[in-house]
Every structure is written in structure tokens, then in C-alpha cells.
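To start, the structure itself, in C-alpha cells.
The values are calculated or read from the model by the stated rules, or taken from the named source; none is laboratory data. Quick caveat, the model's predicted, so the values are computed rather than measured. Cβ: placed from backbone, ideal geometry, glycine included. Neighbour counts: every protein chain shown. Side chains included, ligands, DNA and RNA excluded: accessible areas come from the protein's heavy atoms. Shrake-Rupley method; radii C 1.70, N 1.55, O 1.52, S 1.80 Å.
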Amino acid sequence: MLNSSLWIFVVLAIGLSVGMAWFTYYSPKKKWALRQLLMAFLRACSIFIVCLLLLNPKTEKKNYQNQKAPLQILVDCSSSIAKLDLESQQRQLIKAFENSNLADKFELQYYAFGSQLTTYKDSLADQEQTNIYEALQGIQKINDNLGATVLITDGNQTYGTDYSFFNGKDKQHIYSLVLGDTTKIEDLRIDKVYANKYAFLKNKYPLEVYIFYQGKNTVNSKLRITKGGVLLSEDNIVLHPENNSLRIEKQFLADKVGVQNIRFELLPLDGEKNKQNNISNLRIEVINEKSKIGIISDFPHPDIAALQRTILSNEQREVHILYPEQQSSAKLDDFAMFVLYQPGMRSRRILEKIASLQKACFVITGPKTNWGVLRKLPLGLQASLSKQSEDYQAELDNNFNLFSIGREIHFSNYPPLKDYLGEKIITNSFQTILQQKINGIRLAEPLLAIYTQNQHKNAVLFGENFWQWRMHAYQQNGSFATFDQFFSKLLFLLQHTSDKSRLNVKSESYYYQNSELHIEASYYNTALEFDSNAKLRLKLYSDTLEREYTMQLKGGYYGQEIHDLAPGEYTYTVVVEGENLQKKGSFSVIPFDVEAQFVRANYEKLDNVAQRNHAKVYLAQEQALLLEELEKNDAYQTIQTEIRNIVPLIDYRWLLVLLAISLSSEWFIRKFIGLN
């Protein structure tokens, strides 16, 4: 429709066109001849067409689009489907959806899931892990209008958040079609095994085993623990439905340096279907000594306890807190590095000895720091301070690249640290990790930095209340792991550049089959600065395999992910091209197929997630009932959407054609009668 103001302009355009045509051809001395009327009409049409082109009148056009409710069908493509011989049953269920009348009511969308969510294209059941929660969450991100969701799965999840507590968006219905046998089959399994990754020579290391029984009878078995084929212990196991789980603790002596293979084996029950979950393997690396780190301080402080816990998060380190009373008897040569917490007069002598040893130091200052003592130490730190203290907030320096910093750690949200107000100077070249902020204004001075001193690296943190940072990290992430890992990387960098090692390689002593396998390397130039332009090659060997990789630069380190390794022993060499530098290492891949641990469908969890999301769970043989429910449920309606478009009232191309005709016709008539 045209609005009233546009109608007025159209009427004015008509009046203007008629008026100009009248003015052009009217003569009071002559009567209107037919040809004059015709030429005036053509002139009026031409002017009116030009006016229409200028006005470009528009109208509103309405279109209606029908949008069917989406039906997301999520198909489990993890390897447990193949191991339980459910692939043919799964294909039959999908074919039944394709042949049903649901396409008249729904927009059918097929997805495959295992470790990740993908589009379903007759996918093979070969994914080695299952995360149902992530699949359900992924569907919410893909579609705004969720409609109904159908899970075709055995309900067995190997990692991730427990999907049985998943809450979808409002009005989302999550149905489940259960694949496999829901009968509780008698099964005895090793549920979990816990042990430290490292043990120390001549010390005892603890092992913890959890055994679970599923069945209706009282059963007897034996748990055998062996190391390298040698029997360490054998325990009788008695379980029954009322007491179906057992926790066993053991301690064994670490009598040999190196990687120790520990095997746990439960004797299977008569007729037990799944025997793979009766065996579990792990490896413990026995090392000869820990890396000793000393904390030097004049006084107790909550920061020291927090520092101690952060350092001890790495099992290969031990911490000694040296107050003035303990400093005289300390053997400083035994320490790999030192944390100097707010250096003061009472610790002056031991600080001078530490400085003379030229070992890595992590200096932490604060309002109780004696800068008179600190300035005299050859640690490369000077300051010009007032007596006023100030709160300093942290901001990550995006140019820092000596090691990777996790995305989960956000220092800008951390509580402020307290220190003296004034200029603090690092006399040598340094790299800022965290910058100072006061009242939200970023300063050019560092809050946390690494610097080179006498061919080794030190670090300095200008401010106390480290313990508040650690507590804040726990509140943010639910654990201390991310925060402790950040400072563990910092200490690792200080310790390993101080021992003049320019190439450092890090890997685990063992990995479980199908788990993420990652090897990291750090390379430093002759000035012990991280070199991001180097080319590192990783050569991997086993009895049956030989591979070579170019390690990828990942921020502050070089890394390489390796996939699809069979169980066995592997050695590797990291080589720096153009340098006579290389490091060797080894690891083991332990056989473990988590998807093979299941013997039945998890009906209970699928029922729980269906009930929490306004739906029901159906067995595979009840698919017809599910199809009927979806067809008859009035909650899934086709939505008609009105689309309003503003379009030109007249196609300008036709107006141009008419304009050309009217102008040419008028010109032809004028020429015909001899007018210019």
C-alpha cells in the first residue's frame, strides 16, 4: 500500500506533467488540433514517468513461509556399538525413520556422535570415545528451534559431564531409542585404579584398586597384582548384591629406577561375557631424587603455604621452607632453585650465599621487603619507592611467548597484590608476563617478569597476597590445577634454563591407548632466550614403526600430537635443524579400550535424561510407538512465518521502456510536421 504522503506527491506529479505539457503546446490563437493533443499527451506521459522514477514508489509485499519443526536424530557411532554387534540394528532403526511419514511433519536432521558431533552419512561405528553430553549441547548451538531430539545409542558414555543430568532448552524433548540388551548381565570388573605417576627409589608407593560386581549371586574371585610378570600380591575377593564394591589398598617398595609395569587381573567368573574389564595396566616411573626448591623468608605468611602447595603439585619437586632458624644448617648446593619471599635483614647472609651460587631465583616483594638488602644483592633489582603502599592488579602481556598460558586463567579478574608505590627497576633485559594496573589503568611496568642474570634466568613478582590469587583460581575453575600448572611452567623454565640446557623435552612415561598423546619441546638460543624461528623434528621409533614429524610452534613451546599408536614401547629423538642438539626419550602405550568395558545398554541414564526433558525412553523393538508418539504429538507444529518485503510498485525497466516510447513518438511527430 502507498502511504498518504506518497499519494500527494503522485497527484502533484500528474499536475506538474499536465501543466508543463499545456504550457508547451497551448496557443491562444489556435484551437487544439488532434496532433497537438497527442504531442501534449506524450509530453505529459514523459514528464510523469520521470517523476515516478524520481519518487520510486514502493509497496509492501507479504510472503508466507512454512517452517517444519526440526527432528534431530543423534546416532551413536562409537566403537562400543560395533563391539556389541549393534550396527545392523542401528541401521534398521534409521531406515525406519527414513521410510516413515515424519518427513511430512518434521525437518529430519541426522547427526553422528562419539568423541565429537558430525553430520551422519552412514558413518562407521569407529570413534574410540563417547561424549553424549557434548552431543546434546552441540545440538543446542546448531539450532535455535530445537523441536524434538532422538538419541539412538546404548547410553554408555566414556568421558565428559554426566549426560543423565542434561537440561535442554525450554520445550526441548529428548527421546531415547535404546540399542542393545538392557538386562543386567553378571559382570565383575576393575572399575578404577589409582597411583602416583612417580615413586622414589627405596620408598613405598601406594596403589588403590576399586572392584565392582553386577549380578544377583555371591561370587568369589582373586585379584592378582604383578610387576614385570612377577607376582606382588594375590587377594581373595567376595562380593554380593548387597555389598557389590570393594576398595583395596596396597603399598610396594620402589626397588629399581625406571618405568615399572604394574598389571591388575581379576580372575573371571564362570560364563562371564566381558573379560576385558577384568584387566587393568598402569606404569609408575621410579626416580632417584626429587628437585629441591627452597623458600627463604624472614617471617611466616599465608603466601608461603600457598607457594608450597603450588610447587608440590608437581610430584617431582620437594619444598624446604627456610626461616632464619633453619638457614644456618641448610646445604644450599642441594637445591635446584630458590624462592626469595620478601627478602629482609634476618636472611641477609643466606641471601648473599645464594646469590654467589648463581642459581635460579624467584623473587617476591611486598610491603615488608627490605629493599636496602635486596639492592645490594647481585639479582639485578633496584627501586625508588615511597612509604605508601598500593594495590596492583594484573593484566596479561600478549607478547609473552616463553611458555603457553591456558585460556582458563584470567589474571585481569584476580584480586590485587599489595606493594610499595614507586618505580621498580630490572637492570637487565626482561620479558613481561603480567603488567601492572592501578585503578584499571595499565602501566608500562611489569608485575611479573622473567629476566636474565649471569647466564641464568630469574623471575620477580612485585606484590604480596599470592594466596588470594590461588583461592580465586579455585573459585573460578573449581580446582587449583590451572593456576598451579601456570606457576609450575614458570619454575620449570627457570630451573631448566639455569642448568644451561638449551633444548628441553617433556613427555609422559606412558599413555593409555586412544588417549591424547602430546610431546612438548622448548629450544633456547645461546643467550638462553626462547627461539621461535627454530625448526625441530621429532623422530619416533618402535619395533614395527618409524615416523618423522615437524614440531609445531604453539606460542611459547613446540608441540606434536600423535594419534593411532598401537600398544607397545616407543623411543623418540628431538633434533634441532642446523644445531648439534638433540634429546632422546621413551614412553609406552598401554592397551586400554574403554569402549570394550561395557556389556549392556545403560537404560537407567537414558530414562533419566528423557524424563528431565519432557520425553520417554523406548527400547529398539518399541520404535513404532516412538514414531506414533512423534506423529500425534501436537507440541510439534509447523510454524508459518510472515515475511514482509518492501518492493518497488512499478518495475523501473518498464518505466524506462515507456519513457523511450513516449519521447521517441513525440520527437517523430514533431519532425513529421516540421517542428524542431
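A simple rule links phi to the HN-Hα coupling: the Karplus curve 6.51 cos²θ - 1.76 cosθ + 1.60 with θ = phi - 60°, which for the range 381-389 gives 10, 9, 7, 10, 10, 8, 8, 8, 8 Hz, with x for Gly and Pro.
Counting only DSSP beta bridges with both residues in the chain, tell me the antiparallel percent, nearest 5. Here the antiparallel bridges make up roughly 70 percent for the chain. Helix 348-357 and the longest principal axis of the Cα set of the chain meet at an angle near 80°. Here the simple spin-label model places points 7 Å from the Cα toward Cβ, and for residue 107 and residue 279 these points are separated by 5.0 nm. Overall, the accessible surface of the range 450-568 at a probe of 1.4 angstrom is composed of carbon and sulfur to the extent of 43 percent. Annotation: for a label point projected 7 angstrom from Cα along Cα→Cβ of residue 66, residues of the range 606-640 with backbone N closer than 18 Å are 631-640.
Estimated purely from DSSP H runs of n ≥ 4, each contributing -39500 (n - 2.57), the mean residue ellipticity at 222 nm for the chain is -8000 deg cm²/dmol once divided by its residues. The simple spin-label model puts a point 7 Å past each Cα toward its Cβ; for residue 584 and residue 423 those points are separated by 5.4 nm.
Rounded to the nearest whole Hz, the Karplus-based 3J(HN,Hα) values (6.51 cos²θ - 1.76 cosθ + 1.60, θ = phi - 60°) of the range 261-275 follow the sequence 8, 10, 10, 10, 9, 9, 5, x, 6, 5, x, 5, 6, 9, 9, with x at glycine and proline. Taking all C-alpha pairs of the range 612-667, those more than 14 Å from each other amount to 76 percent. Report note on the peptides 546-559, 273-286: ranked by the mean count of other C-beta atoms within 10 Å, highest first, their order is 273-286, 546-559.
In terms of accessible area, using a 1.4 Å probe and ignoring ligands and nucleic acids, 256, 605, 62 rank largest first as 256, 62, 605.
Close amide H pairs (under 5 Å, H built 1.01 Å from N) link residue 237 with 221, 222, 223, residues at least 5 positions away or on another chain. How far, in degrees from 0 to 90, does helix 302-312 lean away from the longest principal axis of the Cα atoms of the chain, to the nearest 10? It works out to around 90 degrees.
How tilted is helix 466-477 with respect to the longest principal axis of the chain? Cα atoms for both, answer in degrees (0 to 90, nearest 10). With rounding to tens, the tilt is 50 degrees. Tell me, what ³J(HN,Hα) does each residue in the range 641-656 have, in order and in whole Hz, if you take phi through Karplus 6.51 cos²θ - 1.76 cosθ + 1.60 with θ = phi - 60° and put x for Gly and Pro? For the range 641-656, the Karplus curve yields 9, 8, 10, 9, 10, 8, 10, x, 5, 10, 5, 4, 5, 5, 5, 5 Hz.
Per-residue packing, averaged as other Cβ atoms within 10 Å, sorts the ranges 504-514, 359-369, 639-649 into the order 359-369, 504-514, 639-649, beginning with the highest. Check cross-link reach from residue 539 to the lysines: straight Cα distance under 18 Å, and skip same-chain residues fewer than eight apart. Once the sequence-local lysines are set aside, what remains near residue 539 is 506, 583, 584. Taking amide hydrogens as placed 1.01 Å from N in the peptide plane, the amide H of residue 511 sits under 5 Å from those of 588, 589, 590, each at least 5 positions away in sequence or on another chain. Among the listed values (1) 71.1, 202; (2) 38.7, 132; (3) 26.6, 77, the one computed from these coordinates for Rg and Dmax of the Cα atoms in Å is (2). For residue 649, the residues 5 or more places off, or on other chains, whose built amide H falls under 5 Å of its own are 58, 59.
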